[in-house]
1. Taking into account only those residues within the range 103-122 that are within 14 Å of the ligand (Cβ to nearest atom) and over 20 Å from Asp193 (Cα atoms), which is surrounded by the fewest Cβ atoms within 10 Å (Cβ to Cβ)?
2. Any idea which of Ser225, Ser217, Ser180 is among the small types (Gly, Ala, Ser), at pLDDT 95 or above and not in a loop (DSSP other than H, G, I, E, B)?
3. Assess whether Ala96 counts as being out of contact with any Asp or Glu (no Cβ under 9 Å at 6 or more places or on another chain), within 16 Å of the ligand (Cβ to nearest atom) and under 22 Å from Leu233 (Cβ atoms).
4. Select from the range 226-253 the residues that are more than 11 Å from the ligand (Cβ to nearest atom) and either buried (at least 24 other Cβ atoms within 10 Å of the Cβ) or among the β-branched types (Val, Ile, Thr) (or both) and list them in ascending order.
5. Select, from Asp292, Asp285, the only residue that is among the acidic types (Asp, Glu) and either at pLDDT below 95 or more than 20 Å from Ala382 (Cβ to Cβ) (or both).
6. If a residue counts only when it is under 25 Å from Ala269 (Cβ atoms) and acidic (Asp, Glu), which helices (runs of 4 or more DSSP H) contained entirely in the range 31-147 have at least 3 such residues?
7. Quick check on this structure: which one of Tyr60, Tyr65, Tyr56 is among the aromatic types (Phe, Trp, Tyr) and free of Cβ contacts under 8 Å to residues at least 40 places away in the same chain?
Amino acid sequence: MNTGKADSLAQGDGQLARILEAEAERQDSTINLIASENIASQAVLEAQRSPIIDKYAEGYPGRRYYSGCVHIDEIENLAITRARELFGAEHANVQAHSGSQANMAAYSVILNYRDTVMGMTLSHGGHLTHGAEVNFSGKLYRFIPYGVDPKTETLNYDEVEKLALEHRPRLIVAGASSYSRIVDFERFRHIADKAGAMLLADIAHIAGIIAAGLHSSSVPYAQVSTATTQKTLRGPRGGLVLCQKQLSSAIDAAVFPGMQGGPAMHTIAAKAVCFHEAVQPGFVDYQKRVLDNAKILASELQSHGLRIVSGGTDNHIVLVDLSSTGITGKDADTALEAAGITVNRNAIPFDPKPPWIASGIRLGTPAVTTRGFGPDEMKRIANLIMKVLSAASDAGTREQVRQEVRDICRQFPIAG
Ligand SMILES: *Cc1c(COP(=O)(O)O)cnc(C)c1O
């Protein structure tokens, strides 16, 4: 029963409250270089925890299976309008619970069981939902993987085109999770047209950069673009589908009732907030700083002798090849975590090691940039990473770095 003040978390469930507090403290006192994470604003958090968390609203604005949806409709319409304006899209579905479900919805509209699709292989930077065997995508559809060129470690569009003309897929999926270079959606569209395929752009990682106009948009070229709102877009955890008008009712029906029940309206409210934040003047500047910080981090690590996959970055991601250091990605992420720097182990293209071990780490700058870190902090972080990697099993070094990490974090507290 909701008894107001008496059932606040601290009083009603001290056990969980303490865990949440510890997590907030962990976030505040560590340097987060996980490329898919960010720090949502207080406004996003407020929308997400509002009383609409209680509201059921199966259906779409004006066509609900529940009554009492007058304000719910306003919220969803606002989110839809803002998403369409932000990305210049003809249609937006804001109900997809996650990026994976956005992809699932799009596939279910475009593809039949066992149809041929092309997607970037997970081992070269693609996502699970781009045809991994363990994922629904790999089980339901016949994915033909494409990867990066062994020399340049960037997409070789001629190769993609050759594969597409050979396999004649019904759909080509462009976009990735650990690819640090520009994706040429226009070229992908030419390839798709030539092969008689449709194009789906998965902009889960780069949606915020596209929204800021710092990466060319997929929307003019892809029939469908899917995104998450929690990564560079800096909103709540959730999915987004943008599509051309002729697919709009099929996409909506695929999300609900096709694969979801009621929408998470509190999250949709928070999505509306993040789309609003993305048109504020400071947002473009934020994304510029994200990109600058990534470039500086990459070049600093290079100057310390580390190899950066593809030689650098055009976005928020820096993929580091640790092969020459003799340290695995797994050992590196464990050692760095102990020193207060969170990253994720990541396969590098043509990685001889299994994904659980991996030869690389993936770094990203969205979260640290939100905290206010700039070029000086990037240089310090590169130094600290090198310190930890050059003494990966030395507890003293880790403790020393941990202290310095705390000092840096104290200068840039996470608001709230
Ligand atoms: C993160 C990501 C997704 C899925 O997002 P979830 O919200 O975790 O389901 C899909 N595609 C790509 C390329 C991603 O990076």
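The values are calculated or read from the model by the stated rules, or taken from the named source; none is laboratory data. The model shown is predicted, which means the values in this text are computed figures rather than measured ones. All Cβ positions, glycine included, derive from the backbone under ideal geometry; neighbour counts span all protein chains shown.
1. Ranking the qualifying residues of the range 103-122, first place goes to Thr121.
2. That would be Ser225, the only listed residue that is among the small types (Gly, Ala, Ser), at pLDDT 95 or above and not in a loop (DSSP other than H, G, I, E, B).
3. Judged against the criteria, Ala96 is a match.
4. Leu233, Arg234, Gly235, Val241, Leu242, Cys243, Ile251
5. So the residue among Asp292, Asp285 that is among the acidic types (Asp, Glu) and either at pLDDT below 95 or more than 20 Å from Ala382 (Cβ to Cβ) (or both) is Asp285.
6. 70-87
7. So the residue among Tyr60, Tyr65, Tyr56 that is among the aromatic types (Phe, Trp, Tyr) and free of Cβ contacts under 8 Å to residues at least 40 places away in the same chain is Tyr65.
Condition check ((1) more than 19 Å from the chain's Cα centre (by Cα); (2) over 30 Å from Pro61 (Cα atoms)) across all residues:
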{"position": "Gln260", "(1), (2)": "yes, no"}
{"position": "Pro263", "(1), (2)": "yes, no"}
{"position": "Tyr286", "(1), (2)": "no, yes"}
{"position": "Lys295", "(1), (2)": "no, yes"}
{"position": "Leu301", "(1), (2)": "yes, yes"}
{"position": "Leu336", "(1), (2)": "yes, yes"}
